[in-house]
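No lab work stands behind these numbers, since they all come straight from the coordinates. Given the structure is predicted, the values throughout are model-derived calculations rather than measurements. Cβ placement follows ideal geometry from the backbone for every residue including glycine, while neighbour counts extend to all protein chains displayed.
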Amino acid sequence: MIPLLLGVVLVWYSLSQISVSKLVQYFKDADYFWIILGVIFGVLSHLSRAYRWLFMAEPLGYKPKLANSFMSVYSAYLINLTIPRAGEVARASILANYEGLPFEKGFGTIVSERVADTIMLFLIIGLALALEFEFIYNFFASKLNSSTLIIGALALIALVILTYIFVVRSGSKMALKIKEFIGGLVEGALSIFKMKKKWSFIFHTIFIWVMYLSMFYVTTFALPELDKIPLAAILIGFILASFSIAATNGGIGSFPEAIVIAFALFNIAEDPSRAFGWIMWSTQTLVIIILGGISLIYLPIYNRKQESI
C-alpha cells in the first residue's frame with residue numbers, strides 16, 4: 001500500500017502545482033504525431049522484450065509461442081500498476097500455465113532479464129556522466145563548496161571500503177544474504193553469455209533501451225516549449241523517470257515530478273516539464289491498460305484455439 005499511497009500524494013502535489021485547466025490545454029495543444037510515434041517505439045520495445053525471452057527459454061528445452069510471451073509481458077505491466085513487481089510473478093505464472101514452463105524456471109529467466117536491464121540502465125547512467133561530466137561537476141560544485149565535495153568523496157570511498165569488508169569478510173546472516181544476492185546477479189548476467197543465441201539476446205537488449213530512449217526523446221517534440229532540449233536533459237530526465245517507475249505503482253505521480261526535477265537542472269520551466277511528464281506517463285499507461293487488458297482476456301481464448309488446431 002505504501003507505493004500506492006505515495007503515488008496518490010504525489011498526484012495531489014503535482015496537480016496542486018499546475019491547474020487542471022492548464023494541464024488539459026497542454027494536452028490539447030500537443031502534437032500527437034510525436035506522441036503516437038513514442039507509443040509505437042514503446043510497443044516495439046515490449047515486442048522485442050517478448051521475443052528476447054524466447055532465447056532464454058530455448059536452453060531449458062522449451063519453445064514458447066511469441067504471442068504468449070508478448071501477452072504475458074503486457075499482462076505483467078498491467079498487474080504492476082496495481083501491485084509493484086507482482087507482474088513478474090504473474091508473468092511467470094502465465095508462462096507456466098500456457099507454455100508448461102515450470103514457474104521457478106520461468107521466474108529465474110525473468111530475473112536474469114532484469115539483471116541485463118539493470119546493466120543497461122547503469123550503462124546509460126555512465127554515458128550521461130561521460131558526456132555531461134563537466135555540467136554535472138559544475139552543477140554540484142555550484143551547490144556545494146570544495147571542502148564539502150572532498151568530504152563527501154572521502155565518505156563515499158570509506159562507505160565502499162567498509163561495505164566491501166562487511167560483505168566479503170563478515171559471517172553474519174545479513175552479509176551472507178547480500179553475498180548470495182550479488183552472486184545471483186553475477187551468475188544471472190554471466191548466464192547470458194552461455195546461451196546459444198547470446199548475440200541476438202544482447203542485440204534485443206540494446207534495441208529495447210534504444211527504443212525506451214527514443215520514446216522519451218521524440219515525445220519532447222510534442223510540446224513547443226521543449227524545443228531544442230539539450231541531450232543532458234534527455235538523459236538525466238530519462239534516468240530519473242526510470243527510477244520513478246519503481247517508486248510508485250507504474251510511476252503514478254512520481255513520473256511527472258521526476259521530470260520536473262531533472263528539467264529544472266537545465267532551467268526549463270516547470271509547467272511544460274510537468275505537462276510533458278503527465279502526457280508521457282498517461283499515454284504509455286493507457287497503452288498498457290488497453291493492451292494488458294486485451295492480453296489477459298485473449299490469452300485463454302488464443303490458447304484454446306491453439307489446442308484445437
**Study point:** Average Cα contact separation per residue, the chain, under 8 Å, 6 or more apart, as relative contact order %
**Key:** 33
**Study point:** Residue of 296, 15, 78 that the Gaussian network model of the chain assigns the largest fluctuation, springs spanning Cα pairs under 10 Å
**Key:** 15
Review point. Is the shape of the stretch 209-309 best called rounded, prolate or oblate, per the rule: a/c under 1.5 gives rounded, else a/b larger than b/c gives prolate, else oblate, with a ≥ b ≥ c the square roots of the Cα gyration tensor eigenvalues?
Key: prolate
Exercise for review: Express in nm, to one decimal, how much length is gained between residue 210 and residue 154 on full extension, taking 0.36 nm for each residue of separation and deducting their alpha carbon distance.
Suggested key: 16.6 nm
Review point. So, how do all the Cα-to-Cα distances of the chain break down into 20 Å bins, in percent, from 0 on up?
Key: 27, 56, 16, 0
Exercise for review: Figure the gain on full extension for residue 4 and residue 19 (residue separation times 0.36 nm, minus the Cα-Cα span) and round it to one decimal in nm.
Suggested key: 3.1 nm
Check your understanding: For the stretch 48-99 and the stretch 1-38, what is the separation of their Cα centres, given in Å?
Key -> 29
Point to revise | Farthest toward positive dipole pole in the stretch 18-308 [+1 Lys/Arg, -1 Asp/Glu at C-beta], among 231, 195, 73 | key: 195
Review point. In deg cm²/dmol and to the nearest 500, what is the mean residue ellipticity at 222 nm of the chain if only DSSP H runs of at least 4 residues count, each as -39500 (n - 2.57), divided by the residue total?
Key: -28000 deg cm²/dmol
Check your understanding: If the chain between residue 96 and residue 33 were fully stretched, how many nm would it gain, using 0.36 nm times the residue separation less the Cα-Cα distance?
Key -> 18.8 nm
Study note, to complete from the structure: The whole-number value in µm²/s of the Stokes-Einstein translational diffusion coefficient for the stretch 56-119, with Rh from the Kirkwood sum over alpha carbon pairs at 20 °C and 1.002 mPa s, is 182
Practice item. Could you line up 1, 56, 120 from fewest to most neighbouring Cβ atoms inside 10 Å? Key: 1, 120, 56
Exercise for review: Tell me the trypsin sites (Lys or Arg not before Pro) within the stretch 35-86 that lie in a loop according to DSSP and have at most 16 other beta-carbon atoms within 10 Å.
Suggested key: 65, 85
Point to revise | Helical segments meeting 18 Å axial Cα length and Kyte-Doolittle -0.5 threshold in the chain (DSSP H) | key: 2-17, 32-57, 66-80, 86-99, 103-131, 146-169, 173-191, 198-219, 231-247, 270-308
